[in-house]
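Worksheet: one structure, shown below.
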């Protein structure tokens, strides 16, 4: 069995590769990363979120006759402080802000005209009411009804908003029901803070947000307010904040149990602080113009009456099937939170593939096989980043302690493979490390040890050797192989 060099445990996560994304996006992501001196992992999810926003939910993905996906997207590109997160988001969302500015200029002109019509109609109505009160007649009544219709047709509307900033879930849902499509793309995690802060029960108010990710109908009734609804809501959330501000909240049981946290594409970029140059290249003018034109085209195309439907060919379905078959066996080894996330990974990859296709051809009618494969190639890194988010006791880096114990004190190896890899079982290891401080007083220490082994497997330190069925019907016994040069690399990385 071949072994690759293992990776560091402390935030040394696999990076997304430019070769896995379309050329037009690769140029933009690379230029943006070079200019602002941020990792590619931070830029790519924001780019995809902006494109998803510009489609306004008017792009539908028809995978099979009974399987549809909307182009909603929840992303969490997380990065340590002082890494110019807001500058990146500001640059990438600028085309959307320009569209908003134009829409609001037009809206003000229309609202001024509507107000003038309302004022005139209301004055006429007041006069007619006086006449009617003195001398009622069917003719005056008909005139009042006609004026009421005019007033209704010119009712005041809220100004258009594609990007909503600091908001509560309740306000976000109101915008969704009124405008159909809303996005939150911010460099702070304020939305996550607000999820339960304002509810009477102090429990997260995310049902409508979850439904909007799936484009399911939402109907909201609140005390003292009329019913609001949206049959096909479209929501994009992109939280480009600090990991320490967001991860603990998204790992909260209330958000994991309802599936909200499982809908995100997580990306933890490596901080560039301490490695940045004073001067960095400007973003190429042609790249800026291409990006702005692309977003403009998506937006104006979304105003057409007929939604754009992207289908999947038989070859594309085969590529999706290969992704599913690669992922499915891994789910059994995921902890519960990661399983919930992994169950949505194929759907998220299909949405990303659709964005990749549209970036190359905004008028596309079919998700290309190449785009599906490009999105699928992101999946291993996506799993690794999500595993880091949902791993228990990650802040204490117990995996380092676990690996250290294996190397320096563990006596329970079952044997050695021909390549020098030592074999051990999960059960024996649990017994050997059960007294370590990071396991003491925990309700299920074996689960924590197993989760750390899965993390180590993902980083290349161990490989699963075998799983033996328990004759008594209990949990199967797993055995593992330790990297033959683990001690050497441990000394190199952590001395």
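Brief remarks follow.
- Leading residue by the ranking (farthest from residue 331 (Cα to Cα)) among those in the range 249-266 that are buried (at least 18 other Cβ atoms within 10 Å of the Cβ) and under 13 Å from the mean Cα position of the chain (by Cα): 250
- Candidates 123, 208, 149, 171, filtered to the one that is within 24 Å of residue 49 (Cα to Cα), outside any loop (DSSP other than H, G, I, E, B) and without any contact (Cβ under 8 Å) to a residue 24 or more places away in the chain: 171
- Some residue of the range 88-99 being at pLDDT below 95 and within 19 Å of the chain's Cα centre (by Cα): no
- Verdict on residue 102 being farther than 21 Å from residue 158 by Cα, over 19 Å from the mean Cα position of the chain (by Cα) and surrounded by fewer than 14 Cβ atoms within 10 Å (Cβ to Cβ): no
- Residues in the range 396-416 include at least one that is modelled with pLDDT under 85, buried (at least 23 other Cβ atoms within 10 Å of the Cβ) and touching a strand residue (DSSP E or B) at 6+ places or on another chain (Cβ under 8 Å).
Residue-by-condition table, conditions (1) loosely packed, with under 15 Cβ neighbours inside 10 Å; (2) within 30 Å of residue 46 (Cβ to Cβ); (3) touching a residue at least 40 places away in the same chain (Cβ under 8 Å):
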{"residue": "69", "(1), (2), (3)": "no, yes, yes"}
{"residue": "73", "(1), (2), (3)": "no, yes, yes"}
{"residue": "76", "(1), (2), (3)": "no, yes, yes"}
{"residue": "80", "(1), (2), (3)": "no, yes, yes"}
{"residue": "85", "(1), (2), (3)": "no, yes, yes"}
{"residue": "89", "(1), (2), (3)": "no, yes, yes"}
{"residue": "109", "(1), (2), (3)": "yes, no, no"}
{"residue": "127", "(1), (2), (3)": "yes, no, no"}
{"residue": "132", "(1), (2), (3)": "no, no, no"}
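- Residue within the range 67-82 that is closer than 30 Å to residue 245 by Cα, at pLDDT 95 or above and in a helix (DSSP H, G or I) present: no
- Just one of the numbered conditions (1) touching a helix residue (DSSP H, G or I) at 6+ places or on another chain (Cβ under 6 Å); (2) outside any loop (DSSP other than H, G, I, E, B); (3) over 30 Å from residue 280 (Cα atoms) is not true of residue 92: (3).
- Residue count for the range 222-242, restricted to those that are in contact with a strand residue (DSSP E or B) (Cβ under 8 Å, 6 or more places away or on another chain), at pLDDT below 90 and either surrounded by 16 or more Cβ atoms within 10 Å (Cβ to Cβ) or in a loop (DSSP other than H, G, I, E, B) (or both): 3.
- Note on the range 156-168: among residues that are touching a residue at least 40 places away in the same chain (Cβ under 8 Å) and under 18 Å from the mean Cα position of the chain (by Cα), the one that is surrounded by the most Cβ atoms within 10 Å (Cβ to Cβ) is 162.
- Applying the criterion of at least 3 residues that are under 19 Å from the mean Cα position of the chain (by Cα) and touching a residue at least 24 places away in the same chain (Cβ under 8 Å) to the helices (runs of 4 or more DSSP H) found wholly in the range 302-367 leaves 336-342, 345-360.
- Total residues in the range 178-189 satisfying the condition of being assigned to a helix (DSSP H, G or I) and crowded, with 18+ Cβ neighbours inside 10 Å: the figure is 1.
- Residue 246 meets the conditions (1) part of a helix (DSSP H, G or I); (2) closer than 21 Å to residue 175 by Cβ; (3) within 16 Å of the chain's Cα centre (by Cα) in every case but one. The failed one is (2).
- Within the range 288-305, the only residue that satisfies the criterion of being surrounded by 17 or more Cβ atoms within 10 Å (Cβ to Cβ) and more than 14 Å from residue 50 (Cβ to Cβ) is 301.
The values are calculated or read from the model by the stated rules, or taken from the named source; none is laboratory data. Because the structure is a prediction, the values reported are computed rather than measured. As a convention, Cβ positions derive from the backbone with ideal geometry for all residues, glycine included, and neighbour counts pool all protein chains shown.
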